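Accompanying notes for the structure given below.
The values are calculated or read from the model by the stated rules, or taken from the named source; none is laboratory data. These numbers were taken from a predicted model, which means no experiment stands behind them. So basically every Cβ, Gly included, is an ideal-geometry build from the backbone, and we count neighbours across all protein chains shown. With ligands, DNA and RNA removed, areas are computed over all heavy atoms of the protein, side chains included. Shrake-Rupley method; radii C 1.70, N 1.55, O 1.52, S 1.80 Å.
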Amino acid sequence: GINAEYGSASASANASASASAIKKNKVAIPDANYIREMFNTCENPIKAINQFQIENGLQIASLEPVLPLLDLHSISRVKFHHSVIRLLQSKLTKKLEGMPRESLEKMLKQAFSQIQHKELMPVALEIMKLLNPVPSTCLKKVAALPEVYKQCSIEVKRQVWEKHQGIFGDEVRPILNKYIWEKDVELHKGSESLTAAAPFFAIAPRKRRESPVVQQLKEMIGLSFPLYQMMLIFVRTLYQRNKTSHFCTLRSDMLMSFHDCKIQDIYKQDPCHDFAFYIQYAVNEKRIQDKIQPKLKEFYIKIVTEKTELLSDTAIILADPYVLNVFCMEVFSCLHSMIEKENLPRNEEKLHFLLKFINLGINAWSIVNDDSTDEPKLHKTTLKENIPLLMICLVEDIMHHEMGSKYRDNVISNLVSSTSKDTLTKTLVMHYVLHLAQNRNIERLKMVMPLIPDSISTLDEVFMHVLVSYFLQYQSEWKQTDFCKAVLNSFLNKYCEDEVVLRHVLRLLWTAHLHLDPDLVTETLENIAPQPSHSSQVRDLFMQLSERTAVVET
């Protein structure tokens, strides 16, 4: 039948065309230049057209009687030939899969010269998909032809990315921006979700790694370790530029995502894999079990002793907010255990181990920015003065809860004032505030919150999210005027020039205003009114809240 004769007809058509006196392109396919030259040199255009159709048409004897029927049905030659091309492409594609590499390379050489022709492009794309590696000359040309590059399969694009980092960066950048945007959404939702106390730290690590963004990045990398390394460089660079700790989360999520899928070509080559695995195990369990501590210590001692660039990678993994949260929780668990056993900080090996890891995490940005290979040292007052003060605070909390004992002002005051010089103590104090808020220790919160603005200039967004999430669960507590003033007037209002803090204050008031004194709500709204420098989203949210509180008051 007609279908069976297409292959030989195509070959004979090309052979006939190549015999023409007029010069054609490299693979003897008449193009626009050929036709233009044909009309410029011919004496009879009608005869030239007929001759062109004879030389370049489908030369199949059984087809000739059918063509007039196509004309009767108003089916143009262009439409007919396009259908033939699609059929030939389909048959050729099926044959390509079993061809040896040598034959594929030979065919690609011919097909690639016509790759900019939309009708012929699919053949060259399919051949490149089957070739691994694709000849570098072809990859270079693909990279220079955006319309061709966009149509390439992911297998070919990976090879282009390996040789052209800029193109890979252009592809990855919007995905990384989306990842950060999604993290921001988790931390501060729109007004329709302001009443929800979203548990930022409650999401299991594996669940985080199943996010579409992480999976999309993993698909782009495939089995290419060079692309994985390139991705880590991008993440590291963006973290260095923006100081956004979510990039630290992504560094671990990417590595462990390949671990989840058992793609050893990637995770086995990452020298931080074992360390990240034990860290994520701790995050999943929400505690650092005794059985994994020796593994973590061994890795830490190795990187600190050898002074390699692995120190910065390790620091980035520890700077992940989920990781720091677990280590801080473990510090407080350790301190409570020491109080029960009446042990001193300087004699507690586990405490020293935890503090070193936290210190490395909170100094990650400085280590990356300075390209340092030196372990950051603990502040000289951390173990000698500040940790003992924190233990005294915990003892006072226990005595206040069990015996109703009164608090001493000087202890918490000295502890908070030390945070201006010691970032590790600052981290622990902020976690202590979250601990107090979670346990609704109103008396201690009234003491500590007014002290913070004098020693701590900025508030971390994750801290603000978790703190407000705890406060959103309060009801009767807001009836205590002195507590409300301590939280709003003496603490949160001091930081509202920062848009991050202001968003969370608005999130808090969206629900808490129902339990607050209306005069205090009005006073607070006047104090935190957005400035022109604040975003339109924050200004709109403030207006919505003002209208909401006005309706309640009336």
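Here are the numbers for the structure shown:
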item	result
Sites A61 and E526, calculated FRET efficiency, Cβ-Cβ separation with R0 60 Å, nearest 0.05	0.05
Most to least accessible of K297, K377 (protein chains only, probe 1.4 Å)	K377, K297
Candidate aspartates and glutamates for bridging to K47, where Cα separation is under 14 Å - those fewer than 8 sequence places away on the same chain excluded	E55
Candidate lysines for bridging to K262, where Cα separation is under 16 Å - those fewer than 8 sequence places away on the same chain excluded	K218
At R0 = 41 Å, FRET efficiency that the Cβ-Cβ distance of E499 and E402 yields, to 0.05	0.45
Which of D540, D260, D270, D454 is most accessible, then next, and so on - probe 1.4 Å	D454, D540, D260, D270
222 nm mean residue ellipticity, helices alone, for the chain (DSSP H n ≥ 4; -39,500 (n - 2.57); rounded to 500)	-20500 deg cm²/dmol
Percent accessible area from carbon and sulfur atoms, the chain, protein chains only, probe 1.4 Å	52 percent
Options L389, I180, A32, ranked by Cα towards positive dipole end of the chain, top entry (Cβ charges)	A32
Probe 1.4 Å - accessible area at D274, Å² to nearest ten	100 Å²
Rg/Rg_globular for region 397-552, with Rg_globular taken as 2.2 N^0.38 Å and Rg from C-alpha atoms	1.06
Simple Cβ-charge dipole of region 402-554, Lys/Arg +1 and Asp/Glu -1, about Cα centre, in debye nearest 20	400 debye
Cα point-scatterer Debye curve for the chain, base-10 log of I(q)/I(0) at q = 0.07, 0.08 Å⁻¹	-0.60, -0.70
Accessible area (Å², 1.4 Å probe, nearest 10) - H401	150 Å²
Positive-end residue, region 44-103 charge dipole about Cα centroid, Cβ charges, pick of G98, Q51, V84	G98
Computed accessible area, T137, all protein chains, 1.4 angstrom probe, square angstrom	90 Å²
32 Å Cα-Cα threshold exceeded, pairs from K243/K268; K302/K494; K163/K286	K302/K494; K163/K286
Between region 201-215 and region 398-432, the Cα center-to-center distance that results, in Å	34 Å
Tensor-based shape of region 362-475 (alpha-carbon gyration tensor, a/c under 1.5 rounded, otherwise prolate or oblate)	oblate
Probe 1.4 Å, protein heavy atoms only - accessible area per residue of the chain in square angstrom	51 Å²
Debye, to nearest 20: dipole size of the chain, +1 on Lys, Arg Cβ, -1 on Asp, Glu Cβ	1800 debye
Non-local Lys pairs in region 355-480, i.e. 8 or more apart or on different chains, that have alpha carbons under 19 Å apart	14
Virtual spin-label span in nm between Q53 and L72, 7 Å along Cα→Cβ	1.7 nm
Size of electric dipole in region 287-381: Cβ of Lys, Arg +1 and of Asp, Glu -1, about Cα centre, debye, nearest 20	300 debye
